[in-house]
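Take a look at the structure set out below.
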Number of protein chains: 2
Amino acid sequence: MKIGQVAEVSGLPAKTIRYYESIGLIEPAGRTSSGYRAYQEKDIETLKFIQRARSLGFSINEVSALLMLWNDRNRASAQVKELAKQHVADMDRKIAELQSMKDTLSNLIEKCQGDHRPDCPILNDFAQTDR
Amino acid sequence: MKIGQVAEVSGLPAKTIRYYESIGLIEPAGRTSSGYRAYQEKDIETLKFIQRARSLGFSINEVSALLMLWNDRNRASAQVKELAKQHVADMDRKIAELQSMKDTLSNLIEKCQGDHRPDCPILNDFAQTDR
DNA sequence: ATGAGGCTTACAGTTACAGGAAGGTCAAGC
DNA sequence: GCTTGACCTTCCTGTAACTGTAAGCCTCAT
């Protein structure tokens, strides 16, 4: 299979697949006699795995760790669980941070008339020096 | 005031202040005879404004727009409100996305024993091809 | 006068790719 | 046999918003 088809079935752009190869996340693909990348079933499964993990927000580094665990028949599931838990904790932190920012800004928006007059509690708050 | 003190009172690292100058977000600061940056009260207020807006998640571009509105005595507050609302909508999208990823992963974690055995529903799910 | 700490510029590195240029390959149609 | 268009190749640049590092002035206190 050539990279274009692999891109379709894996859900990853061809550009991204080449990128993953270039940074060593995946093994260099085989080549046809004319130099095109040629993918096997196993490669495609790996790329789907990566796509799924990335879509759940794992970083490239985390995906790399997950791939190693996946390819290690003797790994303990506890390691995977631990990695996943840390990732969930990261997400929780980010969600809380975003939520807090959003709440603050939403409050300011409510106070702002939003008409033609220049007085705006949002800007006034931003300019507040005693905070 | 020199950049170090400005960094302290504004809450922005000196490095970041120089960066903001380099990209044109703020005017080039005045200089002492020996070449050090010298800041006025107005500059410091601007930097505090930027710090506050950034801490609420506005991008540099958005901050730039907010600064123009702030410095425009004739702007209508409606524009500011609109910008802020869009930003809140962005945050809502991001929160929802993170929450959804988190829920999915949390479900998988619950199903995982997390012991010494290699069988792991998390990895199995990632490797699932029929999704 | 010398040492510590603050300031200067400039360049590289970070994350995870996307865009584009210049050129090779392949299957189909005339 | 030749062209055309889609697909492939590598290489380089750009993105957001900084942070780190190096090499070298400036300032102040001892």
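Being open to solvent by less than 90 Å² (accessible area, probe 1.4 Å) and either more than 8 Å from DNA strand D (Cβ to nearest atom) or in a helix (DSSP H, G or I) (or both) is the filter here, so list the residues in the stretch B:24-33 that pass it.
Looking only at the stretch B:24-33, we keep the residues that are open to solvent by less than 90 Å² (accessible area, probe 1.4 Å), and these are B:24-26, B:29-30, B:32.
B:GLY24, B:LEU25, B:ILE26, B:ALA29, B:GLY30 - these are the residues of the stretch B:24-33 that are open to solvent by less than 90 Å² (accessible area, probe 1.4 Å) and either more than 8 Å from DNA strand D (Cβ to nearest atom) or in a helix (DSSP H, G or I) (or both).
How many of the residues making up the stretch A:19-45 are within 9 Å of DNA strand C (Cβ to nearest atom) and basic (Lys, Arg)? It would help to see each step written out before you state the result.
We begin by selecting, within the stretch A:19-45, every residue within 9 Å of DNA strand C (Cβ to nearest atom); these are A:19-20, A:22-23, A:25, A:32-36.
So of that shortlist, the ones also basic (Lys, Arg) come out as none.
Of the residues in that region, 0 qualify.
Kindly provide the set of residues from the stretch A:53-91 that are at pLDDT 95 or above, open to solvent by 40 Å² or more (accessible area, probe 1.4 Å) and not in a helix (DSSP H, G or I), ordered by number.
Answer for the stretch A:53-91, where residues must be at pLDDT 95 or above, open to solvent by 40 Å² or more (accessible area, probe 1.4 Å) and not in a helix (DSSP H, G or I): just A:SER59.
Of all residues in the stretch B:34-52, which are buried (at least 17 other Cβ atoms within 10 Å of the Cβ) and more than 10 Å from DNA strand D (Cβ to nearest atom)?
Those that are buried (at least 17 other Cβ atoms within 10 Å of the Cβ) and more than 10 Å from DNA strand D (Cβ to nearest atom): B:ARG37, B:TYR39, B:ASP43, B:THR46, B:LEU47, B:LYS48, B:PHE49, B:ARG52.
The values are calculated or read from the model by the stated rules, or taken from the named source; none is laboratory data. As the structure is a computational prediction, the values presented were derived from the model and not from experiment. Reconstructed Cβ throughout: ideal geometry from the backbone, glycine too, with neighbour counts over all protein chains shown. Protein only, heavy atoms only, side chains kept; ligands, DNA and RNA dropped before computing areas. Shrake-Rupley method; radii C 1.70, N 1.55, O 1.52, S 1.80 Å.
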